[in-house]
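This report concerns only the one structure given below.
The values are calculated or read from the model by the stated rules, or taken from the named source; none is laboratory data. What you see is a predicted model, and the numbers here were worked out from it, not measured in a lab. Cβ atoms come from the backbone with ideal geometry, glycine included; neighbour counts cover every protein chain shown.
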Amino acid sequence: MASEKTPKVAKAPGPRKVAKRPPRKQKKSIKVLSKDVNYSLCIPTTLLKHCKNLEQATYAVYQIAKAAVMFNVGEIVVLDLNDTEQKSGHKKLSESMLIASLLQYFVTPPYLVNIVFKSQYRTYFREAAKLPRLPSLPYMRYLHEDEGRYREGLAIRMTKPGAQGKKSKEFKQTKYVNIGKDQVLELKSQLVPTNVRVTVDTVERKVVSPEEAYGDYVGAKASYGYHVRIAKSFGSIFLESSYADGYSQALWINCDDYYYNEEKKQKLLPYVDKIVRPEASSQSFSNVLLVYGKWKDVQHSFEQSKQQFEGCEGAHQFFDGQLGLPGGPEGCTAIQDACMVSLSVVTRL
């Protein structure tokens, strides 16, 4: 007799899993005091954390320099997050000095590199020399109206003529400027300090301001392309601004953070979705600072210099909000990529 099999009973479907929605972004607007805005970038030394060699480090810094020049950034601040200080007399460049030196290299004309940078550090630029020059730099442009009359140069020493056999006396001022030509340029009626980079009018043979030569394409402190400085602490970011009026607003851009808690940070820093510019400006420029990196690193840097800011509860009190980046999960953008993307976003708000 054949055995009877018990029919299988299908299980009732369980509750359907619903994908968790990302938290709704809290948004706000910020007001600036002028129609025109200067942007400063604050880059942490963690930029080099994912770089395995000098070639990768150079290219990461190159991308930041390219974005800064393209969007006419006036200042780049390198935030040193290393707790251990570099030993004095050590010839190896620290991470902050390497980033700052590469940034400065990319806005230096090729014919001035060997006299601007010390010979023992030129080996750090071997990969940078292989990359294209930044075409957006003001002195790279050739305008038909001025026929390329403005040129970057370095004031070089002159000696006082004296009797033969006697040691000549060096002048602290000079009228000779190296502009990368076969012959140095002799200024018509000016004396300038030696070893100083200047902008010259090659037709009138005189030193002119970068503003006269390049208009608005000048960085902080009349620098060429952008001004570079190193911040050793969180406090020096804000207290040592290259602008006399400091920063009118500061925004944080989350990047290089794969464990970002968006819901938690939104309560401290809402997203900025609009920058309100006045119809009538009370000042010529507003200076907006963009700070990049992980919030954990920003907060840690604040804790290291917390004694400078009595009564402050955290780093969030220094920021007007955070700037969201389009595409991809929040925080999963490399610092060098975040610079280009964030500048394209913020200039259109």
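Numbers at a glance
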quantity: Check on Pro138, modelled with pLDDT under 85 and under 20 Å from Leu103 (Cβ atoms); calculated: yes
quantity: Candidate set from segment 3-54 (those that are outside any loop (DSSP other than H, G, I, E, B) and in contact with a Pro (Cβ under 8 Å, 6 or more places away or on another chain)); member that is modelled with the lowest pLDDT; calculated: Lys27
quantity: Residue list for segment 246-288, restricted to those being modelled with pLDDT of 90 or more and among the polar types (S, T, N, Q); calculated: Ser248, Gln249, Asn254, Asn287
quantity: Count of residues meeting criterion [modelled with pLDDT of 85 or more, over 23 Å from Leu102 (Cβ atoms) and polar (S, T, N, Q)] in segment 192-243; calculated: 2
quantity: Condition met for Lys118 (at pLDDT 85 or above, under 30 Å from Lys206 (Cα atoms), surrounded by fewer than 13 Cβ atoms within 10 Å (Cβ to Cβ) and not acidic (Asp, Glu)); calculated: yes
quantity: The lone exception for Ser40 - which of (1) surrounded by fewer than 21 Cβ atoms within 10 Å (Cβ to Cβ); (2) in contact (Cβ under 8 Å) with a residue 12 or more places away in the chain it fails; calculated: (1)
quantity: Selection status of Glu303, more than 18 Å from the chain's Cα centre (by Cα), in a loop (DSSP other than H, G, I, E, B) and surrounded by fewer than 19 Cβ atoms within 10 Å (Cβ to Cβ); calculated: no
quantity: Qualifying residue in segment 152-163 (condition: over 22 Å from the mean Cα position of the chain (by Cα), outside the structural domain of Tyr62 (by TED's automatic domain parsing), modelled with pLDDT under 85 and surrounded by 12 or more Cβ atoms within 10 Å (Cβ to Cβ)); calculated: yes
